[in-house]
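Undergrad: Once you've had a glance at the structure underneath, I'll fire off some questions.
No value in this document is a laboratory result; all are computed from the given coordinates. These figures come from a predicted structure and were not determined experimentally. Note that we place each Cβ from the backbone using ideal geometry, even for glycine, and neighbour counts take in every protein chain shown.
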Amino acid sequence: MSKDVNKFLNEMIKYDLYGGIILSLILSITVNTKFSIIYFLGIIVSLANFFIGGKIMKNMLEKKRGGMLFPISGLIRILIIVGIAVLFMSKLINLIAYITGYISHFVFLTIYWVKSEKGSD
């Protein structure tokens, strides 16, 4: 199971970085550079949150201990995400860029899942 989790996390890093860079370049051309940088920051924050959560969950399942670590780390990760979002509250367009970037991770996650799904044989 450990190899599967590591493979999945590494694949998601690739999807998020490649997709995020491509979309950020498109946004820098169509909107502006600041918007695209904030958008990409949202992707990076979401990816880091996903990666840390995945590693903590993997360690928790393998060692069968640390049950309180996951909820506590979840709360800390949420506070960090919201704390970063608060920095962009002065301009709605910046907040939209950050949230859109954050949500893009889940779009890439869905694309990965659909692309790698073998179906029910």
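Undergrad: Within segment 1-23, how many residues turn out to be of a type in the set (Gly, Ala, Ser) and more than 15 Å from the chain's Cα centre (by Cα)?
TA: Number satisfying all stated conditions: 1.
Undergrad: If you don't mind, there's one more thing I want to ask. Please go through segment 1-41 and pick out each residue that is among the basic types (Lys, Arg) and either touching a strand residue (DSSP E or B) at 6+ places or on another chain (Cβ under 6 Å) or without any contact (Cβ under 8 Å) to a residue 60 or more places away in the chain (or both).
TA: Lys3, Lys7, Lys14
Undergrad: I've got another one for you. Among the residues of segment 26-35, is any part of a helix (DSSP H, G or I), basic (Lys, Arg) and under 16 Å from Ile96 (Cα atoms)?
TA: Restricting attention to segment 26-35, the residues satisfying the condition of being part of a helix (DSSP H, G or I) are 26-30, 33-35.
Then keep just the ones that are basic (Lys, Arg); that gives 34.
With the extra rule that they be under 16 Å from Ile96 (Cα atoms), the set shrinks to 34.
Yes, segment 26-35 contains at least one residue that is part of a helix (DSSP H, G or I), basic (Lys, Arg) and under 16 Å from Ile96 (Cα atoms).
Undergrad: Further, regarding this structure: What is the residue count in segment 61-109 for residues that are among the aliphatic types (A, V, I, L, M), surrounded by 12 or more Cβ atoms within 10 Å (Cβ to Cβ) and under 18 Å from Ile37 (Cβ atoms)?
TA: Final tally of qualifying residues: 10.
Undergrad: Has segment 87-100 got any residue that is touching a helix residue (DSSP H, G or I) at 6+ places or on another chain (Cβ under 7 Å) and under 13 Å from Asp16 (Cβ atoms)?
TA: Within segment 87-100 (the criterion being touching a helix residue (DSSP H, G or I) at 6+ places or on another chain (Cβ under 7 Å) and under 13 Å from Asp16 (Cβ atoms)), the answer is no, since none of the residues qualifies.
Undergrad: If Thr30 passes every condition in (1) surrounded by 12 or more Cβ atoms within 10 Å (Cβ to Cβ); (2) of a type in the set (S, T, N, Q); (3) out of contact with any Leu (no Cβ under 8 Å at 6 or more places or on another chain) but one, which one does it miss?
TA: Every condition holds for Thr30 apart from (1).
Undergrad: Give the residues of segment 46-90 that are within 20 Å of Thr100 (Cβ to Cβ) and of a type in the set (Lys, Arg), sorted by residue number.
TA: Arg77
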